[in-house]
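Structure first, then comments.
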Amino acid sequence: MQHLFTIVLLLLRPAISFTQNIDKLILTSKGFISKKTHHDYIILKLENQTKETLYKKSLICFNSIYKSPKDVISKVDNELITIHEVARNCIRRKRHEFNMDYSLTLRFKDGKIKIEQPHFELTSYNRTKQTLHLRWDKFSFYGSDLGIYGRKNKIKSPQAKKDLEHFFNEYIEKITINLSNSDSDNW
């Protein structure tokens, strides 16, 4: 059993070390920023690949992820791809789960993909509609407007912040692994 565990670790080691090099997004009161550069985007470096190849591989990747890709993908050939989707009950704040309507845009250059700051709207429908804003420092009499950040940029919902960062960082990691996997064409 211990040998099996060792073999699994050795097989996963390249993927684990590769994913540790992927830049992460951090959510601030102004939106997502890169953990490494503090810009509002992340650059994925995929050496020795033309922008056309990266665009095509990305399109294939997204078409394999979604049931109805034409409903979530918009594109400008060889320039950019935008994903617009709704993820159900994926963000939590105390006892509430929120649906997330989000968009994520990728731009292409030779050897690089720029992933721009994700945009999102969070809503929940319990008895009434609730909106979880990135920043909300006003009073909400009926509790219909809530914030991840409040006055003086103080975090009000660490769970929602954690869920958002996890969602987008995992998404970007899957894309990166898929694009850098040269075995995907060998079947």
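Each reported figure results from applying straightforward, stated rules to the coordinates on display, with no laboratory input. Just so you know, these numbers come straight off a predicted model, no measurement behind them. Reconstructed Cβ throughout: ideal geometry from the backbone, glycine too, with neighbour counts over all protein chains shown.
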Inset, instruction - Mind pulling the angle between the C-alpha long axis of helix 158-180 and the longest principal axis of the chain? Nearest 10 degrees, somewhere in 0 to 90. - result: 20 degrees
Inset, instruction - Identify, among VAL86, HIS133, VAL76, the residue whose Cα sits farthest towards the positive end of the charge dipole of the chain, taking +1 on the Cβ of Lys and Arg and -1 on the Cβ of Asp and Glu, with the dipole about the Cα centre. - result: HIS133
Inset, instruction - Compute the acute angle (0 to 90°) between the alpha-carbon long axis of helix 2-20 and the principal axis of greatest extent of the alpha-carbon atoms of the chain; round to the nearest 10°. - result: 70 degrees
Legend entry - Long-range amide H partners of LEU46 with built H, under 5 Å: LYS112, ILE113
Inset, instruction - Report, ordered by chain and residue number, the aspartates and glutamates lying within cross-link reach of LYS112, taken as a straight Cα distance under 17 Å and ignoring same-chain residues fewer than 8 apart. - result: ASP23, ASP40, GLU47, GLU52, ASP77, GLU79, GLU173
Legend entry - GNM top mover of LYS129, LYS162, LYS51 - the chain, alpha-carbon springs below 10 Å: LYS129
Inset, instruction - May I ask which of LYS75/LYS156; LYS138/LYS162; LYS94/LYS138; LYS56/LYS174; LYS152/LYS174 have a Cα-Cα span longer than 27 Å here? - result: LYS75/LYS156; LYS152/LYS174
